[in-house]
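The values are calculated or read from the model by the stated rules, or taken from the named source; none is laboratory data. The structure presented is a predicted model; accordingly, all values stated were derived computationally and were not measured. As a convention, Cβ positions derive from the backbone with ideal geometry for all residues, glycine included, and neighbour counts pool all protein chains shown. Only protein heavy atoms, including side chains, enter the accessible area calculation; ligands, DNA and RNA are left aside. Shrake-Rupley method; radii C 1.70, N 1.55, O 1.52, S 1.80 Å.
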Amino acid sequence: MKTETHKKVLFLCTGNSARSIIAEYLLRAKGRGRFEAYSAGARPTGQVNPLALWVLQRHYLIDASNARSKSWDEFRDVKFDFVITVCDNARESCPIWPGQPIIAHWGSPDPAAAEGTLEEKQRVFMQVASQISRRIDLFCALPEGKLQSLQVREIGEEFNLKSTAGAAH
């Protein structure tokens, strides 16, 4: 009987306050122990956006109250199997990671940049979380032998929201 090892996945964003946190917690919940999920930022804000916590709790029944915004420097010596950027800034400034992980970009609009009423901001967070959730579903559906760079990268290209952040205006 073959033993599956947990694949380590790091989600990167600039501030590590919304998209990367949402991705981390969705993968923890949906990965069913198959993955170890982490998130970090190039320039962490130091706090998790309350609407990220809200969307995880309200729409996915995930308690992320222990989430924290942290720098990718915390993980510089960790060997990840996958490093996935979820914003363009993190993609451009992504450092070299030990162990040659598969690098993919699953860009999403920044929901924290949404303007408008609370309801409009919540709608943007729901749209972005839904996009990330669908990508996580596809990632988790890949059999062990298909967790290769091409398939993982294609997940980011398959489901792009063009300008969700602008939808709140």
Failed item in (1) open to solvent by 20 Å² or more (accessible area, probe 1.4 Å); (2) closer than 14 Å to ARG135 by Cα, with THR45 passing the rest: (2)
Selected residue (only one of VAL78, VAL9, VAL83 is touching a residue at least 60 places away in the same chain (Cβ under 8 Å), surrounded by fewer than 18 Cβ atoms within 10 Å (Cβ to Cβ) and more than 14 Å from SER133 (Cα to Cα)): VAL78
All positions within region 36-61 that are under 17 Å from VAL83 (Cβ atoms) and under 13 Å from the mean Cα position of the chain (by Cα): GLU36, ALA37, TYR38, SER39, ALA40, GLY41
Count of residues meeting criterion [open to solvent by 40 Å² or more (accessible area, probe 1.4 Å) and of a type outside the set (D, E, K, R)] in region 103-143: 12
Of residues in region 14-33 being open to solvent by 10 Å² or more (accessible area, probe 1.4 Å) and touching a Lys or Arg at 6+ places or on another chain (Cβ under 9 Å), the one farthest from GLN100 (Cα to Cα): GLY15
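For (1) touching a residue at least 12 places away in the same chain (Cβ under 8 Å); (2) under 18 Å from SER39 (Cβ atoms), each residue gets a yes or a no:
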position	(1), (2)
ALA114	yes, no
LEU118	no, no
PHE125	yes, yes
VAL128	yes, yes
LEU138	yes, no
ALA141	no, no
Qualifying positions in region 103-120 - part of a helix (DSSP H, G or I) and under 19 Å from the mean Cα position of the chain (by Cα): PRO111, ALA112, ALA113
